[in-house]
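Student: There's a structure below that I have some questions on.
The values are calculated or read from the model by the stated rules, or taken from the named source; none is laboratory data. Predicted model, so just to flag it, every value in this text is computed and none were measured. Positions of Cβ are generated from backbone atoms using ideal geometry, with glycine treated the same way; all protein chains shown enter the neighbour counts. Please note that ligands, DNA and RNA were not included when accessible areas were found on the heavy atoms of the full protein model with its side chains. Shrake-Rupley method; radii C 1.70, N 1.55, O 1.52, S 1.80 Å.
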Amino acid sequence: MAQPQKFFENLSGVGKAIGVLTSGGDAQGMNAAVRAVVRMGIYVEAKVYFVHEGYQGMVDGGDNIIEVSWESVSSILQVGGTVIGSARCKAFRTREGRLKAACNLVKRGITNLCVIGGDGSLTGANLFREEWSGLLEELVKEGKIEASAAEQYSHLNIVGMVGSIDNDFCGTDMTIGTDSALHRIIEVVDAIMTTAQSHQRTFVLEVMGRHCGYLALVSALACGADWVFLPESPPEEGWEDLMCVKLSENRARKKRLNIIIVSEGAIDCHNNSITSEKIKDLVVSRLGFDTRVTILGHVQRGGTPSAFDRILASRMGVECVLALLEATPETPACVVSLCGNQAVRLPLMECVQMTQEVQKAMDERRFADAVTLRGRSFENNLNTYKLLSHKKNISELPKDSTPCSSNFNVAVLNVGAPAAGMNAAVRSAVRVGITEGHKMFAVSDGFEGFAKGQVKEIKWGDVGGWTGQGGSLLGTKRTLPAKYFDQIAEQIRSNSINALLVIGGFEAYLGLMELTVARGKYEEFCIPMVMVPATVSNNVPGSDFSIGADTALNTITDTCDRIKQSASGTKRRVFIIETMGGYCGYLANMGGLAAGADAAYIFEEQFDIRELQANVEHLTEKMKTSIQRGLVLRNENSNENYTTDFIYQLYSEEGRGVFDCRKNVLGHMQQGGAPSPFDRNFGTKISAKAIQWISRKLKECYRKGRVFANTEDSVCLLGMRRRALVFQPVMQLRDETDFKHRIPKEQWWLKLRPLMKILAKYKTSYDISDAGQLEHVNVRRPQHSDMGAI
């Protein structure tokens, strides 16, 4: 039964004061979180205060705690670091320091704190909350506050957001800043790979992560590193020999470079430190390879936040204000987290305790426990890396003691428009397939190439270095299979293809439906088939995310940043940007949220001339403030009459004398470029899971010396649904599809649409029935992973 809608209008902030501070190490995206807290707080009519310099500012008081306005957070969305400052504070660790902080807050009526920081900062906030009533009693006794003030402000509410590039906080899949740090690392790795290939060099790259190896692990997965060193999963005894053998084998296969990634907190199984210099000396002395060390250091903390971090931080900031408004004296201090694609609230101290348990497990050399306690996402990353990085010897491959255990032929093809991350998905599929004992075949140019016989075996080494390549190296076309059924059936028969993996967009989805319907006539199509969604439009039913959409979103966000910057010297200018996406408004809407747009026109939410006029009036009012520029996004097919040119001309005419307009059509640049870390990682893991499903299905469907699959559940789409990856029969997704407009009938991101409007100062209704509910941390113990989450 559907949950009734509940709107936040009931949650008034009148009479409430919210303080926002950033503490500990800085992270990209913190400013987006601060902006969201301030604007959402003001929107619900609460007073919002900046606490400058973290807890130090709270202790010192004075001008460090100031009330802020809507304009105070203008132009900070794209800025890295934290504009309100962060500082370590010894004074706050003492009761005397916390007493001063409490006095400063009470004098301003602040009893709601949003703390953006790591586990140390959040633990300090919880202690402050627990001591609050005692601190107020002491302040009354000392005559520093009135008894009436102590009674009025008797309870302190704390909600945390985790800002940490290391992703070292248990209870959330991603912390604010992690994705941006991965962007910095991958940019460096991609640059290093070109110079390393020129000179046949080995590079040892040291990344941040004193206690957590997440950055090292995901960057190794995203760039196909030869070896990775993590604190949670130290190499086994004799790793020096194993690593040198592997590096030598790779060179023998004509690989011109080696990449080794080291987490700064890397250790061996005896808890001894493994440094980048130690690894370099080992490679030089044992192998004589030309080896260089690159220590990234604070580069990883710098730069502009990625689109993912801006959207994550904006969602978390709004959720944080809602949690504070709903808090009661009985509500425990909570932290706003991300689980899959959902915002959740978790008791702060449960998360801190779990985080501390990880360190304890590592100290006690219980490394399997440490990996499991990090969470399913970390564990699956590690398992996937192990699968893809080590080519098994023939003796290690699955034995065909039973006819159906291995040695099947599996074909991989790309269908639809190219999307960044497709190549990472193909690499993953090929290598996992070979590891499972299958013979892998690559089909060039989609279903059209399949019909023409462009099918050839593809081996482990053929896909080396594919993760960082944009576009589709296999070649891809939008052609559907229906007119080529006879030829495709012949190719499946002549190449003895036993299963199909299709990586693509809406055409791939339609193509699999056509092949399923044709099974009655063509027995060759009675094989397991699975689709992995890959399209910048993110319009495939059955999945919240598609490979390529994140890269496109970053392209849009980067372009909008530059356009906004160009307006900084020219006051009163409005930019109208057209994005791709067909009839799907995902890129326009999420790009608008990430870039701080004033409006985003999409097909899914019909608009008329009255709304266009209201937007012009809104921008006219905005130009009277200190924020004298505007940004409007329009999805390419949002309306056949209200074109980008029409909107540009309307805005130009109606804004005459107040602001001038410029327009920009982004076009195919959104499909190009190197894939983002998210797309590389998502493509790698989702493809690995798809191949494992194929292996299971092949065994189930093997009868009397042949594979025969004709059930609905033997043709599936693997998609991200809320918190997990789910296999769904494509024929069951028909009812969820608007075939005319090539979009799903329901799209999760439409619930975020009001966020963009609220943050742009529009009055709107925001459905909070799906907002984060207080949950408990799920403590998992070591067990075999099925790669069930990402």
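Student: Taking segment 222-239, which residues are of a type outside the set (Phe, Trp, Tyr), under 10 Å from Ser263 (Cα atoms) and outside any loop (DSSP other than H, G, I, E, B)?
Tutor: Across segment 222-239, the qualifying residue is only Val228.
Student: On the given criteria, is Ser652 open to solvent by less than 70 Å² (accessible area, probe 1.4 Å), of a type in the set (Ser, Thr, Tyr) and within 21 Å of Gly582 (Cβ to Cβ)?
Tutor: Values: open to solvent by less than 70 Å² (accessible area, probe 1.4 Å): yes; of a type in the set (Ser, Thr, Tyr): yes; within 21 Å of Gly582 (Cβ to Cβ): no.
No.
Student: Provide a single number: the residues in segment 638-672 that are among the aliphatic types (A, V, I, L, M) and part of a helix (DSSP H, G or I). Steps first, please.
Tutor: Going through segment 638-672, the residues among the aliphatic types (A, V, I, L, M) turn out to be 647, 650, 658, 665-666, 669.
So of that shortlist, the ones also part of a helix (DSSP H, G or I) come out as 647, 650, 669.
Here the count works out to 3.
Student: Sticking with this structure for a sec: Within segment 521-532, does at least one residue satisfy the condition of being at pLDDT 95 or above, open to solvent by less than 20 Å² (accessible area, probe 1.4 Å), under 30 Å from Leu593 (Cα atoms) and of a type outside the set (Val, Ile, Thr)?
Tutor: Yes: one or more hits.
Student: Does any residue in segment 348-363 that is open to solvent by less than 60 Å² (accessible area, probe 1.4 Å) come within less than 9 Å, Cβ to Cβ, of a residue that is assigned to a helix (DSSP H, G or I) and of a type in the set (S, T, N, Q) six or more places away or on a different chain, and which pairs are these?
Tutor: From segment 348-363, the pairs are Leu348/Thr123; Leu348/Asn126; Val352/Thr123; Val352/Asn126; Ala361/Thr372.
Student: Looking at Phe441, Phe447 in this structure, which one is touching a residue at least 40 places away in the same chain (Cβ under 8 Å) and part of a strand (DSSP E or B)? Step through it out loud before you land on a result.
Tutor: Values: Phe447 fails: part of a strand (DSSP E or B).
Just one listed residue meets the conditions, Phe441.
Student: Next question, about the same structure. Which of the residues belonging to segment 624-637 are part of a loop (DSSP other than H, G, I, E, B) and surrounded by 14 or more Cβ atoms within 10 Å (Cβ to Cβ)?
Tutor: Step one: of segment 624-637, the residues part of a loop (DSSP other than H, G, I, E, B) are 624-628, 636-637.
Result: Ile627, Gln628, Glu636, Asn637.
Student: Report every pair of residues separated by at least 6 positions or lying on different chains whose Cβ atoms are under 6 Å apart, first residue within segment 84-110 and over 22 Å from Tyr153 (Cβ atoms), second open to solvent by 10 Å² or more (accessible area, probe 1.4 Å) and of a type in the set (Asp, Glu).
Tutor: Gly85/Glu53; Ser86/Asp26; Ala87/Glu53
Student: Considering only segment 479-492, I want to know if a residue exists there that is polar (S, T, N, Q), over 25 Å from Ser687 (Cβ atoms), assigned to a loop (DSSP other than H, G, I, E, B) and open to solvent by 10 Å² or more (accessible area, probe 1.4 Å).
Tutor: Taking segment 479-492 first, the residues polar (S, T, N, Q) are 479, 487, 491.
Going one step further and asking which of them are over 25 Å from Ser687 (Cβ atoms), we end up with 487.
From what is left, the residues that are assigned to a loop (DSSP other than H, G, I, E, B) are none.
There is no residue in segment 479-492 that is polar (S, T, N, Q), over 25 Å from Ser687 (Cβ atoms), assigned to a loop (DSSP other than H, G, I, E, B) and open to solvent by 10 Å² or more (accessible area, probe 1.4 Å).
Student: Within the group Gly461, Gly468, Gly504, which residue is surrounded by 22 or more Cβ atoms within 10 Å (Cβ to Cβ) and in contact (Cβ under 8 Å) with a residue 12 or more places away in the chain?
Tutor: Details: Gly461 fails: surrounded by 22 or more Cβ atoms within 10 Å (Cβ to Cβ); Gly468 fails: surrounded by 22 or more Cβ atoms within 10 Å (Cβ to Cβ).
Exactly one residue qualifies, and that residue is Gly504.
Student: Here's a follow-up. Quick check on my filter: what residues within segment 152-201 are part of a helix (DSSP H, G or I), open to solvent by 10 Å² or more (accessible area, probe 1.4 Å) and charged (D, E, K, R)?
Tutor: So in segment 152-201, the residues part of a helix (DSSP H, G or I) come out as 152, 178-199.
So of that shortlist, the ones also open to solvent by 10 Å² or more (accessible area, probe 1.4 Å) come out as 152, 183-184, 187-188, 190-195, 197-199.
Across segment 152-201, the qualifying residues are Arg184, Glu187, Asp190.
Student: Got a sec? Which of Val371, Val358, Val344 is modelled with pLDDT under 90 and over 30 Å from Arg703 (Cα atoms)?
Tutor: Values: Val371 fails: modelled with pLDDT under 90; Val358 fails: modelled with pLDDT under 90.
Step by step, each of Val371, Val358, Val344 is checked, and only Val344 is modelled with pLDDT under 90 and over 30 Å from Arg703 (Cα atoms).
Student: Take the conditions modelled with pLDDT of 95 or more, surrounded by fewer than 24 Cβ atoms within 10 Å (Cβ to Cβ) and under 25 Å from the mean Cα position of the chain (by Cα) and apply them to Gln732. Does it pass? If you could, list the steps in order and put the result at the bottom.
Tutor: Values: modelled with pLDDT of 95 or more: yes; surrounded by fewer than 24 Cβ atoms within 10 Å (Cβ to Cβ): yes; under 25 Å from the mean Cα position of the chain (by Cα): no.
No, not satisfied.
Yes/no per residue for (1) open to solvent by 10 Å² or more (accessible area, probe 1.4 Å); (2) modelled with pLDDT under 95:
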position	(1), (2)
Leu242	yes, yes
Leu247	no, yes
Asn250	yes, yes
Asp281	yes, no
Gly288	yes, yes
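Student: Among residues belonging to segment 450-462 that are outside any loop (DSSP other than H, G, I, E, B) and not aliphatic (A, V, I, L, M), point out the one that is nearest to Arg478 (Cα to Cα). Quick ask: steps written out before the conclusion?
Tutor: Quick first cut of segment 450-462, residues outside any loop (DSSP other than H, G, I, E, B) only: 450-451, 455-457, 460-462.
Subset that is not aliphatic (A, V, I, L, M): 450, 456-457, 460-462.
On the way: Phe450: 13, Lys456: 21, Glu457: 23, Trp460: 27, Gly461: 28, Asp462: 25 Å.
Going through the qualifying residues, I end up with Phe450.
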